[in-house]
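Visitor: Structure provided below as structure tokens; questions to follow.
Read-outs throughout are calculated quantities, based only on the coordinates presented, and are distinct from any laboratory measurement. Just so we're clear, the structure is a prediction, and the values are computed from it rather than from any experiment. Please note: Cβ atoms are built from the backbone with ideal geometry, for glycine as well, and neighbour counts cover all protein chains shown.
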């Protein structure tokens, strides 16, 4: 185990059971992410990319293997320890509709905030180029919505940002803007999934996922 | 904005549905206040008259006016002629007292049912509200809120609906009682609104609402994130 790694998957297995049939989703997945790097998991639809994000975000438990964050084992954490770790160390951005619809951009950013520091929230929104903090998600473009989600994911100074197909709903221009913002984050490790090979130009490491295994 | 202030914010959503829940509770509390107050008014007359010894509206009582005595006599004659009975004045009054005491119980029972019917809608409203918010629950879990926090937040929303509804109900109830007692109540009948009934109605409605919000809140707090994220807004 590399003690400097931010996130480590050690022989992780995950399967689903449906109608009495067991389907392997992840098979012996092992990798570790170095600090301050952008990492891409590339693979076709259904290859298990989203499952890796859920496991890394501690929103699911592996059926076998271990997931470590900052070197600490996470399998045996209880509900409260798990949610505290998520809040303090992990930021997550989904493909779309990441925001709470009845909260403004700044309220969304401040929602998970531990320090309740409004000034910090405003600075983060400025950093991701959002000018009007008081717009509701319905008034934001897809690009701005993803930017607000990025600002929210950074609000507790996490060690790792997990993004599941963050640019799938964006056009090429918006994709570039969003990826440039991610690229500028120099104190956080990013793990993103995508079937868009163009994103590999932004990544320090690319993992190819095929039929649940890293090749 | 924190997880426990979200319920206040959520009241602005599904306005028609929430308004309908609030109005149902308000109506239930309004009926509760009127019926319980009427019951207490009737009870006070029975108690003031010495209870169960036929002294209510008894024409031997020092306070009874000649006019009231005539009313009692006329009513007694009418009932005797109608049912072919031969009640004495005392017997009639004892039966009347018994009827009034039973009426108070019936009024209290009806009041409880009215309140319960009004508040029961909370479960329905919360069920719909929360089932539309599964994706949001998934997001809350993804950004580090645990089941307990989500459960408390959703339950608080039900409690808030109950509190606001009962507050409106109490205001309307007090106005209605004042209106009835001023313009409609006959002279010898009173409607008593004890002070304890006002906070009592608010507290009971809020507690029942919180209780009824428990199941929908538990249901959504248990939802898995991957399931929640498949839902649309």
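Visitor: Where does the range A:7-214 land on the Kirkwood hydrodynamic radius, alpha-carbon pairs, in angstrom? Walk me through the numbers before you get to the answer.
Guide: Details: mean 1/r = 0.0571 Å⁻¹.
Evaluated over the range A:7-214, this radius sits at 17.5 Å.
Visitor: While we're here: Relative to a virtual label point 7 Å from the Cα of residue A:204 in the Cα→beta-carbon direction, which members of the range A:177-191 show backbone nitrogen distances below 18 Å?
Guide: Only A:179-191 fall inside the zone, counting backbone N under 18 Å.
Visitor: Another question, if that's okay. Please report, in cubic angstrom per residue, the volume enclosed by the convex hull of the alpha-carbon atoms of the range B:141-200. Mind dumping the intermediate values first?
Guide: Details: hull volume 4.9 nm³, N = 60.
So the per-residue hull volume is 82 Å³.
Visitor: Test of understanding: ordering A:135, A:116 by Cβ neighbours within 10 Å, fewest first, what list do you get?
Guide: A:116, A:135
Visitor: When Cβ neighbours within 10 Å are restricted to other protein chains, what is their mean count per residue of peptide A:104-111?
Guide: Per residue, the average neighbour count from other chains is 3.
Visitor: Please report the antiparallel percentage of the DSSP beta bridges confined to chain A, to the nearest 5.
Guide: On the way: 18 of 36 bridges.
Given both bridge residues lie in chain A, the antiparallel proportion sits at roughly 50 percent.
Visitor: Gap in Å between the Cα centre of the range A:144-215 and the Cα centre of the range B:187-233?
Guide: 42 Å
Visitor: Using alpha carbon centroids, what distance separates the range B:9-26 and the range A:103-118, in Å?
Guide: So the separation of the two Cα centres works out to 26 Å.
Visitor: Sticking with this structure for a sec: Gain in length, residue A:79 to residue A:181, computed as 0.36 nm per residue apart minus the alpha-carbon separation, to one decimal in nm? Intermediate values should be presented prior to the final figure.
Guide: Values: separation 102, 0.36 × 102 = 36.72 nm, distance 3.23 nm.
Using 0.36 nm per residue and subtracting the Cα-Cα distance, I get 33.5 nm.
Visitor: Along the three principal axes, how long is the range B:112-172 when you take its alpha carbons, biggest first, rounded to the nearest angstrom?
Guide: The principal-axis extents, from largest down, are 43, 18, 15 Å.
Visitor: I would also like to ask the following. Within 10 Å of each Cβ of A:10-20, how many other protein chain Cβ atoms are there on average? If you can, show how the numbers build up before the last one.
Guide: Values: counts 0, 0, 0, 0, 0, 0, 0, 0, 0, 0, 0.
That works out to 0 on average.
Visitor: Run through the DSSP bridge list for the protein assembly as shown and note the antiparallel percent, rounded to the nearest 5.
Guide: On the way: 18 of 36 bridges.
Around 50 percent antiparallel, to the nearest 5.
Visitor: Between rounded, prolate and oblate, where does the protein assembly as shown land on the alpha carbon gyration tensor, with a ≥ b ≥ c its root eigenvalues, rounded for a/c under 1.5, else prolate if a/b exceeds b/c?
Guide: On the way: a/c = 4.22, a/b = 3.15, b/c = 1.34.
Prolate.
Visitor: Here is a follow-up. Let me know the mean shielding of A:86-96 by other chains, meaning the per-residue number of their Cβ atoms within 10 Å of its Cβ. Please report the intermediate quantities before stating the final value.
Guide: Numbers: counts 6, 4, 1, 1, 3, 3, 6, 1, 6, 1, 4.
For this peptide, the per-residue mean of nearby foreign Cβ atoms is 3.
Visitor: Could you work out the percent of alpha carbon pairs in the range A:29-113 separated by over 19 Å, rounded to a whole number?
Guide: Values: 1752 of 3570 pairs.
More than 19 Å apart: 49 percent of the Cα pairs in the range A:29-113.
Visitor: For an R0 of 41 angstrom, estimate the FRET efficiency from the Cβ-Cβ distance between residue A:118 and residue A:63 and round to the nearest 0.05. List each step's numbers first, then the result.
Guide: Details: r = 42 Å, r/R0 = 1.03.
So, using R0 = 41 Å, E works out to roughly 0.45.
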